[in-house]
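The values are calculated or read from the model by the stated rules, or taken from the named source; none is laboratory data. All of these numbers come straight from a predicted model, not from anything done at the bench. Every residue, glycine among them, receives a Cβ derived from its backbone with ideal geometry; neighbour counts consider all protein chains shown.
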Amino acid sequence: MDDAQVLRAGVLPGPSPSVRLRRRAWRGSLQGSEFTWAVAFLIPYAALFLAFVAYPVAYGLWLGHKPALYAELVSEPIYQRTVVNTVLYVAIGVNLKMFGALLLSGFFMRRRWWVRGLLLVYVLPWAMPALPAFVSIHWMLNGQWGLLNNILWNIFGIDGPGWLETSRWLALGSVIASHIWKWMPFWTVILLAGRMSIPQELYEAADVDGATGLRRFLHVTFPLLANLYLICTLLSTIFTLGDFNSVYFVSGGGPALSTHVLATLGIRDAFEIGRPDLGVAAVMSALPLMVPLVILLMRKLRTTEVQL
Amino acid sequence: MSRLSRRGVLRGSLSSMAAGSLARPFIANAAAKTATVWWTQGFIPEEDASFRQIVAEYEKATGNTIDYSLVPFLPLTQKIVSALTSGDVPDVMEYNVADLALVPQYAWTDKLTDLTEIVEIEKAQYHPTAYLATQCYNNVTKKRGAYFAPYKVFVSPFHIWNSLVEKAGYRMADAPTTWDAFWDFFKPMQKKLRDKGMRGVYALGLQATTTGPADGNDTFHAFMIAYGGNDIVTPDGAPHLDDPRVKEAVTKALTYITTAFKDGYVPPGALSWTDADDNNAFHAKQMIVDLDGTISTELALYHKKEQYDDVATMGLPNDNLGRPVPAQLGVGGVFVPKGARNLEVAEDFIKYLIQPKVVNGYLKEGLGRFLPAMPDLVKTDPFWLDPKDPHRSAYTRAALLGPTVPNHPVYNPGYAEANAQQVWGVAAADVIREGMTPQAAAEKALKRIGEILAKYPITAS
């Protein structure tokens, strides 16, 4: 008689109560075959998650795990300027973009037909693929034969500056402007949706109390939009920290490597210099800023789940 | 009809997975004669067609299979770096600038297969500089070896708009033959052309760029070598950054380039030009003369006969003392990463590929943008020195019949990193944008190169 036969015959005892409790905790309310099917359905997702999320992240962490890499990174003359650029790019780009989106979402609340038409045109930059859009901007800003300087010459008879070619600040400003042009429509639509979900009765009540114009915005709209605005700003900050396209395709990190941000420096180190470990370290060095932002975002999402 | 039970489904799935795992080795064995190849996409469709033809002929002759991918140059660079980092590699990789980047660095870290035995087969055919360029240093074995099999070469010739020179009232036949005088020859033309209404024209396409990948470095090196600074790194891999001749050459090169820029003879955008920007600016007749690798500038106009014939292609002038200036010979070739699954087929394919007859046929289809690494081919096949083509023969003479030197990363892979960090472009920008003196910028650049090369000590050679 083998163990299974013994067990079936009731000679050997079944699982202990503690094992049964553990099994119940693990299986939840699922019984018998339900649990097996649940596991079977979960396996493909878990496998994909492990292959395409967990493994690349772990591999990246492993590539950039050596402290010596960070010492080498910091010793690079370009790195400190890149960190400053990243902070400026994110701080100016995100705040101008979000504040502009907040104001414009108010404008697009108007019910005139031409405002609706304008909204359609306004969201086009966001709808366009990023790469050709930024490459076009790069050509338009060419100092010698770009569209912008040709217009300046033909209309005003003046030679425009080399937007991307001579000055770090002009080039960084051009990159930030391009980023805002591309992404402000998206956040405008999000904030517009937020404004549209504010109950009309609140505005009517504010009207009765005599709050119109700026006061209505300050006392009704903004308090109700504040959480959404904050969450959008946090999300946008996280996206912008990892933004590669705007910088790479508009300024290419030039002139003289003066407008790189951490995302483009990482790619440069990995593929131009042929040091993927250093490239990963460059990107990972943004984590001290990125992780608190993600934590803050998650906390905000939890605490504001019932608010607008 | 049998009922589909849960256990049946799970058992069936597990059986299939097990069968798949067990069957894999046999599938792999069946495909053991297949090599995976990553190849640079051609400049024109005929080049790709020619490669496909080579593969078809090889497959027919051997019964082996070549599973190839044709990838544009920049994405191919990223694929190669990613593959060599992760270890998931193909059997053969091809690279346009094998001597300049990636190969010297990955040979150093022992990630490539030593192809000395294969390269030795064609050694007698190879241009000596092309052969020398294969000899990369392995920091694990502490030995040099041939880590790629070369088959094509190129140099940076001058590209000049004849019509602009003549419109300014000059003739190329009157151009001086020494370095500074040759460059200076074009400067007065700028004012004359602007006086004739060409507002945006500049004399010189001097690429003081930091954007890369290679043009800014190539331009600077041409100047540095012309001023006597080629020994910045010697064949033993040793840097000579304190050598007064090197320092003087670097300072002179920076002085000429940045002074021309500050005097307004160079398009301001040159400071940020990417790989194709100088070609575009030249085609837009924004400058009279450009110094740039290969004759792709001319070949882009191949089907515009009038413009194609309007451009003059020239090799380098002499140095300021009247001695020939050697051109840096870029060398492209194929290499095999360690971990290649089908080494036997990979090496067999490379042996087939680097045969002079095969190389010649393939490169001719590319209209001569790249030249064969075997000088005898250009001497025996009239295609290469055909005087009817205004560009190819001058370019061929400069690369294969004139004096040449290898690129410095061959001697020390640290120089590939210095190139990638655009140290010379940064030095030019330090003078142009930051107001540094050329001497100070030269010191700073040499110090930076010293820091980088210190990571690549070569103990034996």
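Listed values, structure above:
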| read-out | value |
| --- | --- |
| Tally of residues being assigned to a helix (DSSP H, G or I), more than 18 Å from residue B:333 (Cβ to Cβ) and out of contact with any Ser or Thr (no Cβ under 8 Å at 6 or more places or on another chain) across segment B:49-88 | 14 |
| Single residue of segment B:262-279 satisfying the filter (closer than 16 Å to residue A:159 by Cβ and not in a loop (DSSP other than H, G, I, E, B)) that is modelled with the lowest pLDDT | B:269 |
| All positions within segment B:370-392 that are out of contact with any Gly (no Cβ under 9 Å at 6 or more places or on another chain) and under 21 Å from residue B:222 (Cβ atoms) | B:371 |
| Residue list for segment B:157-187, filter: in a helix (DSSP H, G or I), surrounded by 14 or more Cβ atoms within 10 Å (Cβ to Cβ) and more than 31 Å from the chain's Cα centre (by Cα) | B:167 |
| Test set (1) more than 25 Å from residue B:143 (Cβ to Cβ); (2) in contact with a helix residue (DSSP H, G or I) (Cβ under 8 Å, 6 or more places away or on another chain); (3) not assigned by TED's automatic domain parsing to the domain that holds residue B:372 - residue B:417 fails condition number | (1) |
| Among the candidates A:173, A:117, A:106, A:157, residue that is out of contact with any helix residue (DSSP H, G or I) (no Cβ under 6 Å at 6 or more places or on another chain), more than 14 Å from chain B (Cβ to nearest Cβ) and under 29 Å from residue B:274 (Cα atoms) | A:173 |
| Of residues in segment B:366-398 being surrounded by fewer than 23 Cβ atoms within 10 Å (Cβ to Cβ) and outside any loop (DSSP other than H, G, I, E, B), the one farthest from the chain's Cα centre (by Cα) | B:380 |
| Residue A:211 vs. criteria in contact with a His (Cβ under 7 Å, 6 or more places away or on another chain), of a type in the set (Gly, Ala, Ser) and more than 29 Å from residue A:124 (Cα to Cα) | yes |
| Single unsatisfied condition, residue B:208 versus (1) within 14 Å of another protein chain (Cβ to nearest Cβ); (2) small (Gly, Ala, Ser); (3) farther than 20 Å from residue B:430 by Cβ | (3) |
| Scope segment B:84-131; condition surrounded by fewer than 19 Cβ atoms within 10 Å (Cβ to Cβ), among the charged types (D, E, K, R) and more than 14 Å from chain A (Cβ to nearest Cβ); matching residues | B:110, B:117, B:120, B:123 |
| Selection count where residues are aromatic (Phe, Trp, Tyr) and part of a loop (DSSP other than H, G, I, E, B), scope segment B:196-240 | 1 |
| Tally, over segment A:242-283, of residues that are assigned to a helix (DSSP H, G or I) and within 7 Å of chain B (Cβ to nearest Cβ) | 4 |
